[in-house]
Each structure stands twice: as C-alpha cells, then as structure tokens.
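All remarks here apply to the structure that follows.
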Amino acid sequence: MTDPIRVMVVDDHPMWRDAVERDLQAAGFDVVAVAATGAEAIARFRATRPQVVVLDLQIPEPSGVEVTAQVLAAEPSSRVLILSASGEQDDVLAAVKAGATGYLLKSASRDDLLTAVRRVAKGDTVFTPGLAALVLGEFRRMNEPATPPGERLTDRETEVLRMVAKGLSYKEIAERLVISHRTAQNHVQNSLRKLQMHNRVELTRYVIEQGLDQDED
C-alpha cells in the first residue's frame with residue numbers, strides 16, 4: 001500500500017482554504033500544512049516538505065510566484081499546483097517560469113482538482129483547458145531565436161531530457177541509465193545552461209515542441 005500524497009494548501013481566504021483542505025483529506029491525501037501568507041508557506045514548507053503545494057497566486061507577500069521559486073529551490077523534487085482566480089496570461093506565464101507544473105482556475109471542479117494533484121505529484125503538467133495552448137505558444141515564441149534543437153545537446157543529454165519530460169525524478173533517471181543521482185542532475189543542469197532555460201517545466205516544453213518526447217525504437 002502506497003503512502004498518501006503529502007500536500008500543503010496555501011490561500012489567504014479561510015473558507016476557500018478550509019474547503020480545499022477538506023476535499024483533499026476526504027480523497028485520501030495527507031494535508032501536512034496550510035498557510036495564509038507567502039511567509040507562512042515558505043516556513044511551513046521547510047518544516048513539512050510536502051510533495052505538492054496547492055498555491056494561490058494572490059496572497060500576502062511574498063507572492064505565489066516567489067513562493068513557487070523559493071520552495072522549488074529548497075526542494076526541486078516537490079511540485080507546485082497553482083489554484084487561482086486569475087487566468088491572465090502574465091500570471092500564468094510567471095507561475096510556469098517560476099517552476100509551477102500545474103495551473104488550475106478556481107472555477108475547476110472538485111474532481112478536476114483531485115486529479116490535478118495526483119498528476120502533478122507524478123510529475124505531469126496540468127493546466128485548465130485553454131491555458132496549455134497559451135503556455136506552449138509563449139514558450140514557442142521564446143524559443144524561436146534559440147539555437148536549433150540537437151546542435152548543442154549530447155545524445156545522453158537528449159535521452160535524459162526525454163525522461164524529464166515524462167516526469168521521472170533524478171533517482172528514477174539514474175536507475176534507468178545506471179548512472180549516479182549526481183550525474184543525472186548534471187545532465188539536466190547542463191541542458192538548462194545550453195538551452196538558456198531555468199527549470200524542468202521549460203525543458204519539458206522544449207522536449208514536446210521539438211518532438212523529442214517520441215521514443216526511438
């Protein structure tokens with residue numbers, strides 16, 4: 001029997017925060033912390049190390065975008081799912097660039113939220129319908145002036161990126177390729193540097209856009 005997914009809920013509206021917490025607990029998730037401000041979120045994240053942070057963007061400082069960046073810097077294996085009333089392009093892109101692997105609008109159903117938390121915990125990217133196209137379009141625009149795919153990546157780096165796009169952790173990548181955890185990390189960091197990207201979400205977008213997610217037989 002697998003352990004329940006450990007989740008932290010961050011929202012400055014008590015009724016909304018409590019409702020999300022109840023829904024998650026009723027579905028079998030382990031809600032290890034809740035927070036109302038960015039400062040509380042960062043402190044409680046460090047104390048509890050949840051696997052998934054369900055986070056509103058508009059919270060007392062620091063903002064949800066800054067919280068996303070800070071918690072993922074502290075624990076890169078954690079995942080951030082934004083749950084926001086805002087579907088504005090600037091908000092969505094800022095969250096994704098900070099490292100969020102999911103973005104749901106608060107109009108999403110309870111089932112949509114529960115499914116999103118499960119998928120994000122596995123490393124999948126999840127967006128409210130319509131937002132995924134927005135994000136992909138922006139990353140495509142950002143990547144246009146970049147060096148064409150494959151010219152600066154080694155075969156091993158490309159192989160590792162395929163696994164990153166599938167949501168595999170460094171440990172899982174290392175086990176599949178029979179390399180050390182540190183070597184797997186180094187391949188990802190080298191790819192980030194070469195492609196002038198900032199996080200695994202951007203790498204995943206790159207892999208999908210360039211068709212590198214198709215396994216070679």
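Among what's in the stretch 22-45 and is in a helix (DSSP H, G or I) and closer than 17 Å to Gly64 by Cβ, pick the residue that is most open to solvent (accessible area, probe 1.4 Å). Let's see the steps before the verdict.
Residues of the stretch 22-45 in a helix (DSSP H, G or I): 22-26, 38-45.
When the remaining residues are screened for being closer than 17 Å to Gly64 by Cβ, the result is 38-45.
Working: Gly38: 0, Ala39: 60, Glu40: 63, Ala41: 0, Ile42: 17, Ala43: 58, Arg44: 95, Phe45: 1 Å².
Within the stretch 22-45, the match that is most open to solvent (accessible area, probe 1.4 Å) is Arg44.
Do any residues in the stretch 31-48 that are touching a residue at least 24 places away in the same chain (Cβ under 8 Å) and over 18 Å from Pro76 (Cβ atoms) have Cβ atoms under 7 Å from those of residues that are aliphatic (A, V, I, L, M) and part of a helix (DSSP H, G or I), where the two are at least six apart or on different chains, and which pairs are they?
Partner pairs satisfying both residue conditions: Val31/Leu24; Ala35/Ala41; Gly38/Val67.
Within the stretch 75-107, which residues are open to solvent by 40 Å² or more (accessible area, probe 1.4 Å) and under 20 Å from Gly123 (Cβ atoms)?
Glu75, Pro76, Ser77, Lys97
Looking at Met197, is it of a type outside the set (Val, Ile, Thr), at pLDDT 85 or above and within 16 Å of the chain's Cα centre (by Cα)? Don't jump to the end; show me each part of the working.
Values: of a type outside the set (Val, Ile, Thr): yes; at pLDDT 85 or above: no; within 16 Å of the chain's Cα centre (by Cα): yes.
Criteria not met by Met197.
Looking at the stretch 57-70, which of its residues are assigned to a helix (DSSP H, G or I) and either aromatic (Phe, Trp, Tyr) or farther than 19 Å from Arg119 by Cβ (or both)? Show your work before the answer.
Going through the stretch 57-70, the residues assigned to a helix (DSSP H, G or I) turn out to be 64-70.
Answer for the stretch 57-70, where residues must be assigned to a helix (DSSP H, G or I) and either aromatic (Phe, Trp, Tyr) or farther than 19 Å from Arg119 by Cβ (or both): Gly64, Val65, Glu66, Val67, Ala69, Gln70.
With respect to the numbered conditions (1) within 22 Å of Gly87 (Cα to Cα); (2) in contact (Cβ under 8 Å) with a residue 60 or more places away in the chain; (3) assigned to a helix (DSSP H, G or I), which one is the sole condition not fulfilled by Arg17?
(2)
Could you list, in sequence order, all residues of the stretch 1-14 that are in contact with an Asp or Glu (Cβ under 6 Å, 6 or more places away or on another chain) and either in a loop (DSSP other than H, G, I, E, B) or surrounded by fewer than 17 Cβ atoms within 10 Å (Cβ to Cβ) (or both)?
Selection gives Pro4, Asp11.
Taking the stretch 164-209 on its own, how many of its residues are open to solvent by less than 70 Å² (accessible area, probe 1.4 Å), on the phi < 0 side of the Ramachandran plot and in contact (Cβ under 8 Å) with a residue 24 or more places away in the chain? Give the derivation first.
Looking only at the stretch 164-209, we keep the residues that are open to solvent by less than 70 Å² (accessible area, probe 1.4 Å), and these are 164-165, 167-170, 173-174, 177, 179-180, 183-185, 187-188, 190-192, 194-195, 197, 199-207, 209.
Restricting the remaining residues to those that are on the phi < 0 side of the Ramachandran plot gives 164-165, 168-170, 173-174, 177, 179-180, 183-185, 187-188, 190-192, 194-195, 197, 199-207, 209.
Next cut, in contact (Cβ under 8 Å) with a residue 24 or more places away in the chain only: 164-165, 168-170, 184, 187-188, 190-191, 194-195, 199-207, 209.
Counting residues in the stretch 164-209 that are open to solvent by less than 70 Å² (accessible area, probe 1.4 Å), on the phi < 0 side of the Ramachandran plot and in contact (Cβ under 8 Å) with a residue 24 or more places away in the chain gives 22.
How many of the residues in the stretch 109-124 are open to solvent by 30 Å² or more (accessible area, probe 1.4 Å) and part of a loop (DSSP other than H, G, I, E, B)?
Counting residues in the stretch 109-124 that are open to solvent by 30 Å² or more (accessible area, probe 1.4 Å) and part of a loop (DSSP other than H, G, I, E, B) gives 3.
The values are calculated or read from the model by the stated rules, or taken from the named source; none is laboratory data. All of these numbers come straight from a predicted model, not from anything done at the bench. Backbone-built Cβ (ideal geometry, glycine too); neighbour counts: all protein chains shown. With ligands, DNA and RNA removed, areas are computed over all heavy atoms of the protein, side chains included. Shrake-Rupley method; radii C 1.70, N 1.55, O 1.52, S 1.80 Å.
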